[in-house]
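Just below is one structure, and these are the notes that go with it.
We did not get these values from a lab; they are worked out from the coordinates using the rules stated. No experiment lies behind these values; they were computed from the predicted model shown. Please note: Cβ atoms are built from the backbone with ideal geometry, for glycine as well, and neighbour counts cover all protein chains shown.
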Amino acid sequence: MKNIVGIKFKEEGKRYSFNAENLQLKKHDRVVVDTDNGLTIGIVVSDVTPTHADKLPENLKNVIRKITEEDLKIREENEQFEKEAFGFCLATIREKNLPMKLINVECLLDKSKTIFYFTAESRVDFRELVKNLVQKFRTRIELRQIGIRNGTRILGGIGACGREICCARFLHNFDRVSIKMAKEQNMSLNPEKISGLCGRLMCCLAFEYDTYLDMKKSVPKCGKKVVTPEGQGKVIRQNVFKGNISVELEDGREIDVDIEDLQ
């Protein structure tokens with residue numbers, strides 16, 4: 001048995017499992033954990049759960065300790081360093097006219113490595129950039145290309161709905177989104193209306209899709225013949241939230257009919 005606890009590194013990020021060993025941890029505790037990159041600060045997001053060895057995740061890492069005042073001081077110094085590194089890297093990218101967009105800079109807690117996250121349309125030859133960064137900061141440098149959706153999640157922003165974008169607020173994984181989902185939700189197929197800040201199809205089309213399918217099970221499809229209290233007609237529109245449909249009658253009139261009133 002091992003004591004497993006859920007850890008996040010960013011509020012909007014994915015949850016990872018770590019071995020809490022004998023540490024007494026609770027939600028919202030800040031801890032130092034061991035990762036493939038090095039020591040990093042994370043936040044506890046679940047209670048400690050004893051787990052059998054055969055159910056443990058692969059490559060399980062350990063929680064090293066609860067965060068200390070010294071860790072907080074180092075984290076504050078690193079944040080200042082990250083701002084300086086971001087500014088220098090951005091200026092160098094512009095100077096060299098590299099086709100890439102710098103998104104974020106992360107300095108590991110032990111200062112063993114600094115990671116520069118960027119997006120780009122294709123592969124970028126950044127060897128000269130890495131040399132400049134190493135000469136400037138005298139530390140291990142990694143340039144990591146991420147997807148445009150992940151880049152938008154890090155930057156955040158306000159969506160067309162007027163609220164904070166879902167990927168930055170609560171979505172942990174990116175599901176596949178398709179045009180079919182937009183059609184099922186009676187959305188305009190104008191790319192500007194169904195695309196998010198990242199330029200890809202909006203994430204909400206995916207996580208609302210199953211709800212639409214479930215609600216539409218009892219609603220006649222467009223084009224189907226139905227019998228209403230005012231006569232027979234053809235379904236021309238659906239409104240699953242109101243629970244009604246628009247019907248074109250045989251005499252040319254258009255009426256709205258509640259689903260339960262159909263004969």
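What's the Cα-based Rg to Rh of the chain, Rh via Kirkwood?
My calculation of the ratio gives 1.14.
What is the distance, in nm, between label points placed 7 Å from the Cα along the Cα-to-Cβ direction at Ala53 and at Arg200?
4.0
Under a plain spin-label model, where a point goes 7 Å from the Cα along Cα-to-Cβ, how far apart in nm are Arg75 and Met1?
Output for this residue pair reads 3.1 nm.
Rounded to the nearest 0.05, what FRET efficiency do Arg237 and Ser46 have when you use their Cβ-Cβ distance and R0 = 35 Å?
My answer for the efficiency is 0.20.
So between Glu208 and Lys14, what do we pick up on full extension, going 0.36 nm a residue minus the alpha carbon distance?
Additional length available on full extension: 67.8 nm.
Just to verify a number: FRET efficiency for Glu128 and Lys221, C-beta to C-beta distance, R0 = 45 Å, to 0.05?
After rounding to 0.05, the efficiency reads 0.15.
Gap in Å between the Cα centre of the range 42-92 and the Cα centre of the range 146-191?
27
At what distance in nm do the modelled label points of Asn186 and Lys27 sit from each other, each positioned 7 Å from its Cα along Cα→Cβ?
The modelled label-to-label distance comes out at 3.8 nm.
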